[in-house]
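These notes are about the structure you will find just below.
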Amino acid sequence: MSLFGNLTLGQYAPGHSVIHRLDPRTKLCGAMGLMTALITLKEPVPLVGALTVLTALVLFAGLPIAPLLKNLRAFRWLLLITFLANTWFTPGQPAEVSGFYLPGMTNEGLLQGAVFALRMIVILLIAAILTLATAPIDMADGLETLLKPFVRFGLPAHDLAMMTVIALRFIPTLTEEAERLQKAQMARGADFSGNPLRRIRSMTSLLVPLLVSAFRRADDLAVAMEARCYRGGVGRTRYRQLGLTRNDYLALVLMTGGVAALALSVFI
């Protein structure tokens with residue numbers, strides 16, 4: 001079984017869904033606004049509501065569901081550890097079920113663990129939807145446009161946008177490389193089966209070759225960019241100009257309403 005094949009964050013899936021057709025600035029602003037609002041939530045009910053709305057949006061837009069579920073599965077151990085750590089280390093009243101006390105767990109810890117796990121699930125889904133439905137070049141252009149007002153304060157908008165997109169694109173690239181290295185080592189007799197702790201220990205043998213491969217790919221990318229006379233954003237033109245449509249304005253209104261509803265739920 002592959003240790004890395006489930007991670008889909010950073011992958012782009014071409015399509016013609018409603019979310020695909022939105023301006024990248026609309027998607028970036030909506031994603032950042034929703035993530036910021038989610039961080040402030042301390043109750044599970046608004047998070048469940050946000051997850052339900054997000055799921056309905058994915059189904060309505062016709063986005064592929066399998067990559068989103070695979071991405072969540074890749075983080076299942078992190079989600080479980082986050083939940084258990086909160087249940088065990090949050091002080092409060094001992095938790096019990098049908099008269100039996102749960103060892104080391106508290107009611108407050110169970111609530112906080114559920115909130116943290118749900119928050120991570122929703123944020124991971126938003127990030128996966130953003131990268132799944134936005135081409136890398138569109139994301140770079142959108143991020144650069146959003147950061148352009150800060151150029152007067154010395155912020156390198158183009159460089160920052162380019163680095164962010166390259167970092168996102170390197171996630172699936174390194175995932176594929178790690179999977180290839182794992183299969184090569186399995187062909188030589190390496191054993192990656194067993195319980196989670198044993199599998200994590202087996203993964204350490206992949207770290208050195210994976211780091212070497214990452215540096216090699218980064219060097220190849222730098223050479224390719226230099227060969228194409230890349231000089232940053234100076235004098236750069238765009239083949240396709242960004243522009244907001246009626247759907248973008250409608251999406252911005254709906255997402256602003258969603259952010260406001262999540263923010264107000266904190267005080268209710």
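Under the definition of Cα pairs under 8 Å and six or more residues apart, what whole-number percent is the relative contact order of segment 138-236? Relative contact order here is 25 percent. The smallest convex shape that holds all Cα atoms of the chain, its convex hull, gives 188 Å³ per residue.
Report the extension gain between R188 and D220 in nm, rounded to one decimal, defined as 0.36 nm multiplied by the number of residues separating them, less their alpha carbon distance. The partial results should precede the final answer.
Working: separation 32, 0.36 × 32 = 11.52 nm, distance 2.80 nm.
Gain in length upon complete extension: 8.7 nm.
In this simple spin-label approximation, D159 and V266 carry label points 7 Å from Cα along the Cα→Cβ vector, and these lie 3.4 nm apart.
Which FRET efficiency, nearest 0.05, do T82 and H16 yield, Cβ-Cβ r, R0 30 Å?
Working: r = 36 Å, r/R0 = 1.21.
Rounded to the nearest 0.05, the efficiency is 0.25.
I need to check one value: relative contact order of the chain, counting alpha carbon pairs closer than 8 Å and at least 6 residues apart, in percent. Before the final figure, lay out the partial values.
Numbers: 258 pairs, mean separation 84.6, N = 268.
Dividing the mean separation by the residue count of the chain yields 32 percent.
Within the straight-line cut-off of under 19 Å between alpha carbons, the aspartates and glutamates reachable from K42 are E108, sequence neighbours fewer than 8 places apart in one chain being disregarded. Under 5 Å between amide hydrogens, built in the peptide plane, is the criterion, and for M105 it picks out A95 among residues at least 5 positions away or on other chains. Within segment 138-236, the proportion of Cα pairs with more than 21 Å between them is 51 percent.
Which net charge results for the neighbourhood of I200, defined as the other residues with beta-carbon distances under 15 angstrom from its beta-carbon, given Lys and Arg at +1 and Asp and Glu at -1?
Values: positive: R76, R198, R199, R201; negative: D191.
Overall, the nearby charge balance is +3.
The length gained on full extension between L207 and M35, counted as 0.36 nm times the residue separation minus their Cα-Cα distance, comes to 58.8 nm.
A Gaussian network model of the chain, with springs between Cα atoms under 10 Å, assigns the largest mean-square fluctuation among T173, T40, T204 to T204. Maximal additional length on extending the T245-R228 stretch stands at 2.8 nm, based on 0.36 nm per residue less the C-alpha distance.
When the helix-only estimate is applied to the chain (DSSP H runs of n ≥ 4, each -39,500 (n - 2.57), divided by the residue count), what is the mean residue ellipticity at 222 nm, nearest 500 deg cm²/dmol? Intermediate results must be reported in sequence, preceding the final value.
Numbers: 10 runs with 184 residues, N = 268.
So the calculated ellipticity at 222 nm is -23500 deg cm²/dmol.
Every read-out reported here was derived from the displayed coordinates using simple, explicitly stated rules and does not represent laboratory data. Remember, predicted model here, so these are calculated numbers, not experimental data. Ideal geometry is used to build each Cβ from the backbone, glycine not excepted, and the neighbour counts take in all protein chains shown.
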